[in-house]
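Student: Have a look at the structure that comes next, please.
The values are calculated or read from the model by the stated rules, or taken from the named source; none is laboratory data. Treat the numbers as computed from the prediction; the structure is a model and nothing was measured. Because the Cβ atoms are built from the backbone with ideal geometry, glycine has one as well, and the counts that use them run over all protein chains shown. Each accessible area value is taken on the protein alone, full model and side chains, heavy atoms only, with ligands, DNA and RNA left out. Shrake-Rupley method; radii C 1.70, N 1.55, O 1.52, S 1.80 Å.
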Amino acid sequence: LGGVGNSADCSRFWSSSTIARLGIGAECSWNDPRTLVSTLGNNAPIVPGDELLLTAQIEITTALYWAPIQQANQVVSNQRVATAELATISLFSLPMTVSDPIIVGLPEELNTGALLPLQDSLPFVSVADIEAFRIGATRYMAVAKQCSGASCHLTKVGRTVIGQHNVPSAIYTWGPDNSFQQIQTLETYGAVDVEYFSYVDGKETGGEELKHFLVFASLVGTAGFSSPPPVTMWVWDKGRFILRQSIPADAARSVNVIPRYNDVLLCISHAGPTNAVEVRRLVKGSYRAVDESSLEVVWIPSQFLEVVQLIPADRPMNAVMYYPDGLAKPYIAISNSERGASHQIPVAIREWNDFACGGRGCFLNFLSLPATGARSVTPFAMQLEGMTRHFVAVANHVDGDLALELSSHYEIDSFIYEVDYANRDYRLMQTIATSGAFRFTVFRQETTESAEHFCEIDACQTFLAVANFRGLFGLRANSFIYRWTNTSDAPYYGSFQARYQKRTTGAVVLQHIDDGLTERPTVVTVSSAGQADSLVAQPFKDLIPVPAIVMDAPSTIGSCDDLRADARGSLFSAGRDFVRTEWTVRNATGAAVLLPDCPGISVANPLILCKDVSLLPAGMYSLSLSLRNWIGGSAYEELQIDRRNDAPPYTKIVGLKRIVVKAGAELVLEGDIERSNCNSANAQGAMTYAWTLAYVTQAAGAPAISGVTSQLSLTQRQLFIPAFTLSVGSTYQVQLVGTFGAASSAATV
């Protein structure tokens with residue numbers, strides 16, 4: 001920012017209208033020479049979706065620093081560096097006045113990553129791809145392992161040592177607590193891609209059943225580099241995957257499967273001398289062969305036996321078949337990477353025609369999209385202005401002289417095109433700066449922000465993650481997650497804006513997983529660098545502060561009691577009063593019940609409830625509370641209440657109704673019992689506390705509940721649970737029963 005130095009005066013950067021939105025006493029500071037931080041003051045009216053304007057007097061310049069650096073091939077060449085050093089070449093852009101507004105968005109962050117155990121005896125395993133899938137109620141992950149050793153598939157030596165590629169792929173079970181357990185290894189060598197699909201297949205004994213398959217692409221054959229590396233298909237059978245078919249391949253770089261009517265199509269990218277994409281059709285299992293010795297018709301299981309077509313390509317690194325939203329025909333996008341000495345090769349998109357290729361159906365030429373050393377293509381769609389619009393994200397990987405490879409060759413832009421399938425047309429919608437981009441992943445994630453302020457169209461919940469493989473600083477290239485954001489009143493003019501930057505090493509994919517079995521959507525970063533962290537799983541943090549309701553209310557009400565509830569201890573109001581507080585009482589049929597306020601009591605705080613229930617019949621009721629904070633985070637809590645005609649005490653367990661505790665942390669719960677209003681101050685009777693602990697869900701390997709309760713420490717008002725007493729993945733219920741005289745009531749957590 002021109003002429004402002006390291007000033008902390010917000011008026012040097014922001015317009016007067018923006019400063020008013022930042023609140024009274026807002027402060028500005030610099031985290032580093034590139035990062036300006038504005039800290040909100042009191043009563044800041046800013047909300048997501050607001051536009052922030054820089055002052056009209058400010059100017060922006062861009063500095064590019066180049067330094068002579070020795071490359072991996074021992075050649076010294078000028079290379080871009082992050083900061084200026086001695087003997088660098090410095091280039092400054094012309095001053096630019098900034099007029100476009102900055103849209104206030106919501107933070108998207110990932111929690112600290114958990115390394116996924118690969119359970120390999122070999123060090124530095126390079127992972128090329130993963131596939132998460134479910135069979136019944138169990139979730140699995142297939143991991144395609146390419147080789148072992150640091151940068152094993154990137155160096156000339158590593159690419160030719162068969163021992164480094166003798167790493168079988170593996171199948172893991174994936175528990176809801178993010179625990180992984182290897183259950184099987186698969187004999188694939190130099191695996192570079194894996195694809196899961198399911199199919200209703202014929203049974204040898206008659207009828208049909210749903211079967212589960214995996215298809216792997218490998219770069220090394222079973223006998224080493226001398227044998228052709230196959231594409232292998234595996235079928236799930238009795239708790240394991242068994243080999244069903246081996247398909248000859250020529251340096252297959254990717255496999256992809258798609259249904260077509262009652263068929264299944266498989267495409268294989270042959271990046272060797274064949275230079276083609278092969279499309280095959282699955283032939284359903286049936287009795288269709290005759291045994292030569294017995295002359296009996298024998299069963300042939302389903303296999304990809306029919307070759308549909310061989311599509312010429314230019315060292316195809318990836319091919320994906322897909323159905324654009326709302327269209328009945330499938331298409332195939334082929335990532336051509338090089339032709340001769342050039343990387344300037346377009347991506348080819350072909351359209352399926354049921355009547356072509358002798359009536360068998362095949363893909364015909366449709367469009368060509370400009371690209372540069374394309375590594376992969378990701379088709380997707382968004383709803384904009386009530387219309388479905390189709391896009392293609394092209395991950396451009398490299399551009400430069402193949403004989404003189406430089407790190408700077410990987411610093412190129414990738415492209416996002418909008419495709420008009422009806423008119424066979426396209427337009428370049430956006431370029432994104434990437435570093436050896438390997439793959440884009442597009443996903444949708446539900447958010448909880450208020451539609452009044454932000455996210456008024458579905459498309460703003462669309463995310464784009466790019467895995468950057470290598471750049472100026474070698475394999476250590478940051479990867480990014482972008483989110484679609486409107487930049488004007490018309491969503492047509494939106495764009496993907498960076499929301500999260502992640503340090504990665506040789507990243508090949510940022511895989512988004514949201515199958516309902518994890519507490520939060522998760523991003524798994526896959527690295528094929530052959531270094532320490534091949535797989536890292538990171539769940540998303542809440543996109544915005546979500547209230548945590550802490551409600552002090554009785555679960556049992558006697559004939560002399562009022563209904564009193566206090567939620568002032570609720571958390572995460574985002575620094576301001578809650579903008580919506582709604583209490584609701586319903587009867588057993590779900591109908592809302594209107595109750596008068598407590599006589600003679602004036603309640604000014606909306607988080608406090610006091611209702612007269614003297615005329616309320618005995619029975620079960622529910623009390624619910626809905627809270628929303630100013631930024632749009634909302635929460636809902638419901639409590640079952642037993643209205644009784646006797647005089648039960650008020651029993652409660654202080655704090656949250658749901659608690660997440662780590663295995664290594666101790667837990668202390670405190671209870672309290674108050675006598676009913678029906679009891680006079682001098683009423684006689686003992687106040688007793690009774691604590692119990694029970695399983696709600698018991699994780700595999702968890703001890704019997706008797707073994708857990710034996711570790712507990714009890715006092716009259718407290719329950720103490722030592723560290724490492726509760727089992728990881730289990731859910732428990734703690735109950736406190738309070739008794740006064742002949743009446744009792746209970747509270748649970």
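Student: Are there any pairs with C-beta distances below 7 angstrom linking a residue in the range 361-372 that is under 18 Å from Leu265 (Cα atoms) to a residue that is open to solvent by less than 20 Å² (accessible area, probe 1.4 Å) and assigned to a loop (DSSP other than H, G, I, E, B), with the two at least 6 apart or on different chains, and if so which?
Tutor: Cys362/Ala356; Leu364/Ala356
Student: Looking at this structure, is Glu306 surrounded by 13 or more Cβ atoms within 10 Å (Cβ to Cβ) and of a type outside the set (A, V, I, L, M)? Walk me through it before giving the result.
Tutor: On the way: surrounded by 13 or more Cβ atoms within 10 Å (Cβ to Cβ): yes; of a type outside the set (A, V, I, L, M): yes.
Answer is yes for this residue.
Student: Take the residues in the range 30-64 that are modelled with pLDDT under 65 and either part of a strand (DSSP E or B) or touching a helix residue (DSSP H, G or I) at 6+ places or on another chain (Cβ under 9 Å) (or both), then tell me which one is farthest from Leu475 (Cα to Cα). Talk me through it step by step, then tell me what you get.
Tutor: Within the range 30-64, the subset modelled with pLDDT under 65 is 62-64.
Imposing the further condition that a residue be either part of a strand (DSSP E or B) or touching a helix residue (DSSP H, G or I) at 6+ places or on another chain (Cβ under 9 Å) (or both) reduces the set to 63-64.
Details: Ala63: 24, Leu64: 21 Å.
Going through the qualifying residues, I end up with Ala63.
Student: Follow-up. Within the range 613-629, does at least one residue satisfy the condition of being in a loop (DSSP other than H, G, I, E, B), of a type outside the set (S, T, N, Q) and crowded, with 17+ Cβ neighbours inside 10 Å?
Tutor: The first filter runs over the range 613-629 and keeps only residues in a loop (DSSP other than H, G, I, E, B), leaving 613-618, 629.
This time we only want the ones that are of a type outside the set (S, T, N, Q), so: 613, 615-618.
Retained after the next criterion (residues that are crowded, with 17+ Cβ neighbours inside 10 Å): 613, 616.
Yes, there is a match, as at least one residue in the range 613-629 is in a loop (DSSP other than H, G, I, E, B), of a type outside the set (S, T, N, Q) and crowded, with 17+ Cβ neighbours inside 10 Å.
Student: Considering only residues that are in a loop (DSSP other than H, G, I, E, B), at pLDDT 75 or above and β-branched (Val, Ile, Thr), which ones fall in the range 160-181?
Tutor: Val167
Student: Here's another thing I want to ask about it. Residues being hydrophobic (A, V, I, L, M, F, W, C) and out of contact with any Leu (no Cβ under 9 Å at 6 or more places or on another chain): count how many of those fall in the range 702-742. Walk me through it before giving the result.
Tutor: Restricting attention to the range 702-742, the residues satisfying the condition of being hydrophobic (A, V, I, L, M, F, W, C) are 702, 704-705, 708, 712, 714, 719-721, 723-724, 726, 728, 734, 736-737, 740, 742.
Cutting the leftovers down to out of contact with any Leu (no Cβ under 9 Å at 6 or more places or on another chain) gives us 704, 714, 724, 728, 737, 740, 742.
Residues flagged as hydrophobic (A, V, I, L, M, F, W, C) and out of contact with any Leu (no Cβ under 9 Å at 6 or more places or on another chain) within the range 702-742 amount to 7.
Student: Just give me the residues in the range 429-444 being touching a residue at least 24 places away in the same chain (Cβ under 8 Å) and assigned to a strand (DSSP E or B), in sequence order. Before you say what the answer is, go through the steps one by one.
Tutor: As a first pass, look at the range 429-444 and keep what is touching a residue at least 24 places away in the same chain (Cβ under 8 Å): 429-430, 432, 434-443.
Met429, Gln430, Ile432, Thr434, Ser435, Ala437, Phe438, Arg439, Phe440, Thr441, Val442, Phe443, listed by residue number.
Student: Residues that are modelled with pLDDT under 85, surrounded by fewer than 16 Cβ atoms within 10 Å (Cβ to Cβ) and of a type in the set (Lys, Arg): does the range 671-682 have at least one?
Tutor: no
Student: Right, here's the next one. Quickly run through the range 204-217 and pick out the residues that are surrounded by 10 or more Cβ atoms within 10 Å (Cβ to Cβ) and at pLDDT below 85.
Tutor: The answer is Glu204, and nothing else.
Student: Six or more apart or on different chains, Cβ atoms under 6 Å: show the pairs whose first residue is in the range 314-336 and in contact (Cβ under 8 Å) with a residue 60 or more places away in the chain and open to solvent by 30 Å² or more (accessible area, probe 1.4 Å) and whose second is in a strand (DSSP E or B) and among the hydrophobic types (A, V, I, L, M, F, W, C).
Tutor: Asp325/Ala381
Student: For the range 705-731, which residues satisfy the criterion of being among the small types (Gly, Ala, Ser) and open to solvent by less than 60 Å² (accessible area, probe 1.4 Å)?
Tutor: Result: Gly707, Ser713, Ala723, Ser727, Gly729, Ser730.
Student: Of (1) open to solvent by less than 10 Å² (accessible area, probe 1.4 Å); (2) over 27 Å from the mean Cα position of the chain (by Cα); (3) closer than 30 Å to Ser77 by Cα; (4) not aliphatic (A, V, I, L, M), Trp352 satisfies all except one. Which?
Tutor: It is condition (3) that Trp352 fails.
Student: Could you run through the range 226-256 and say how many residues are of a type in the set (D, E, K, R) and either closer than 23 Å to Tyr331 by Cα or not in a strand (DSSP E or B) (or both)? Walk me through it before giving the result.
Tutor: Step one: of the range 226-256, the residues of a type in the set (D, E, K, R) are 237-238, 240, 244, 250, 253.
Imposing the further condition that a residue be either closer than 23 Å to Tyr331 by Cα or not in a strand (DSSP E or B) (or both) reduces the set to 238, 250, 253.
Residues in the range 226-256 being of a type in the set (D, E, K, R) and either closer than 23 Å to Tyr331 by Cα or not in a strand (DSSP E or B) (or both): 3 in total.
Student: List the pairs whose first member sits in the range 602-615 and is without any contact (Cβ under 8 Å) to a residue 40 or more places away in the chain, whose second member is open to solvent by 50 Å² or more (accessible area, probe 1.4 Å) and in a loop (DSSP other than H, G, I, E, B), and whose Cβ atoms are under 7 Å apart, counting only residues at least 6 apart or on separate chains?
Tutor: Asn605/Arg568
Student: Which of the residues that make up the range 182-203 are open to solvent by less than 40 Å² (accessible area, probe 1.4 Å) and not in a strand (DSSP E or B)?
Tutor: Listed by number, the list holds a single entry, Thr188.
Student: Taking the range 277-320, which residues are among the small types (Gly, Ala, Ser) and in contact with a Leu (Cβ under 7 Å, 6 or more places away or on another chain)? Lay out the reasoning, then the answer.
Tutor: Narrowing the range 277-320 to residues among the small types (Gly, Ala, Ser): 285-286, 289, 293-294, 302, 313, 319.
Matches in the range 277-320: Ser302 only.
Student: Which residue pairs have Cβ atoms under 9 Å apart, sit 6 or more places apart or on different chains, and have a first residue in the range 3-27 that is farther than 15 Å from Ile60 by Cβ and surrounded by fewer than 17 Cβ atoms within 10 Å (Cβ to Cβ) and a second that is of a type in the set (Lys, Arg) and at pLDDT 85 or above?
Tutor: none
Student: A further question follows. Looking at the range 732-749, which of the residues that are open to solvent by 30 Å² or more (accessible area, probe 1.4 Å), touching a Ser or Thr at 6+ places or on another chain (Cβ under 7 Å) and polar (S, T, N, Q) is nearest to Arg643 (Cα to Cα)?
Tutor: Filtering first and then ranking leaves Thr739.
Student: What tally of residues in the range 371-422 results from selecting those that are open to solvent by 60 Å² or more (accessible area, probe 1.4 Å) and outside any strand (DSSP E or B)?
Tutor: Number of matching residues: 8.
Student: Separate question: Report yes if some residue within the range 449-464 is out of contact with any Leu (no Cβ under 9 Å at 6 or more places or on another chain) and at pLDDT 90 or above; otherwise report no.
Tutor: Looking for residues that are out of contact with any Leu (no Cβ under 9 Å at 6 or more places or on another chain) and at pLDDT 90 or above, one finds at least one in the range 449-464, hence yes.
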